[in-house]
Amino acid sequence: MASNQTDLLIQTVMNEATRLGDLLAGLDESAWSRDSACEGWVIGDVVAHLAGGAATWANSINQAVAGDSDPPEGQEFMAPGQRGSEGTAEAARSSHQQFGMQLMENFRTGYAGLAQVLSGLKADDWDKPCFHRRGPMPIQDFVSLRLQELAVHGWDIRSGLDQTANVSEEALPVLTGRVSRWLNNAFVPGLRLPAPVRYRFDISSPVPVQEDVVVTRESFSIQPVSRAAANVTFRCNTGNYILLIYGRLSPQKGVASGRLTIEGSQAEADNFAAWFKGF
């Protein structure tokens, strides 16, 4: 990975953390009890998840640089097909209850430490395998995944305070680049829903996306837009595309809020959220 790309990735991660930290610093304790856009999580739960994650991520990267991609103490690889979201939610709630507003300081120190680790990475470190619960991945992918966590959960927090909030535009190029991997993890095969079905994405800006997602009940594929007729076409900007893909914006709510337009069957559009169930 070229140094200018890694520098940009590091800067984007830290900019995202700084913006979110500044927002959190202006909230009182009552705001932390408001519902976030992450179902079942209040804002303080999301903060706890991100604050604890920073130190964990830094530790995993340090291990990877040292040539170790095995699970750190207290962690393990997930079984195939395991979603893992329930345990993550329980840990976040427990941390929120235990530390309360102290999590703000944990957030600051955690991301300061992560910044130090990222700035110390050398060119030949980025391809080294790094522990992740779904299996080892190059540090480059791991850091991109961390940006995904910050940007999507950052929106969860902002949306709990302002329903018109948008995904950080700075993070969109990385998030769109991770869509195929996210869909692979989120896909629920075998549903007794109409299939095959071709979902077309006509995404305008700021990061254009033109592609089809074709579901054949037991599997799916991402294909270039072709002459084949789409059952459903989604049109929106890139930020709302990310919210749809990552399970934060249902087709029905997207249309009702004006974030999304749909051409084709509304029922088949709604089924997209069943085929690709967000975490």
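Throughout, read-outs are computed from the coordinates displayed, never taken from laboratory work. Everything numeric here is computed off the predicted structure, so don't read it as measured data. Glycine also receives a Cβ, built like all others from the backbone with ideal geometry; neighbour counts cover every protein chain displayed.
The alpha carbon centroids of the stretch 210-279 and the stretch 60-136 are separated by 31 Å.
Within the stretch 131-161, the trypsin sites (Lys or Arg not before Pro) that combine a DSSP coil assignment with at most 16 other C-beta atoms in a 10 angstrom radius are Arg133, Arg134. In summary, the lysines within cross-link reach of Lys277, defined as a Cα separation below 29 angstrom excluding same-chain residues under 8 places away, comprise Lys253.
Select from the stretch 1-100 those trypsin sites (Lys or Arg not before Pro) which occupy a DSSP coil region and have at most 16 other Cβ atoms within 10 Å, ordered by residue number. Working shown, then result.
Values: sites: Arg19, Arg34, Arg83, Arg93; in loops: Arg34, Arg83.
For trypsin sites (Lys or Arg not before Pro) across the stretch 1-100 that sit outside H, G, I, E and B with at most 16 neighbouring Cβ atoms in 10 Å, the list reads Arg34, Arg83.
Computed extension gain for Ser221 through Thr164, at 0.36 nm per residue and net of the alpha carbon distance, reaches 17.3 nm.
Tell me the angle of helix 85-99 to the major Cα principal axis of the chain, expressed in degrees between 0 and 90 and rounded to the nearest ten. With both axes taken from Cα atoms, the answer is about 40 degrees. Using only Cα atoms, tell me the angle between helix 139-161 and the longest principal axis of the chain; keep it within 0 to 90° and round to the nearest 10. Tilt of helix 139-161: around 80 degrees.
Could you work out the relative contact order of the stretch 141-279, using alpha carbon pairs under 8 angstrom and six or more residues apart, expressed as a whole percent? It rounds to 23 percent for the stretch 141-279. Output the 0 to 90 degree angle, nearest 10, between the alpha-carbon long axis of helix 266-275 and the longest principal axis computed from the alpha carbons of the chain. Helix 266-275 sits roughly 40 degrees off the main axis of the chain.
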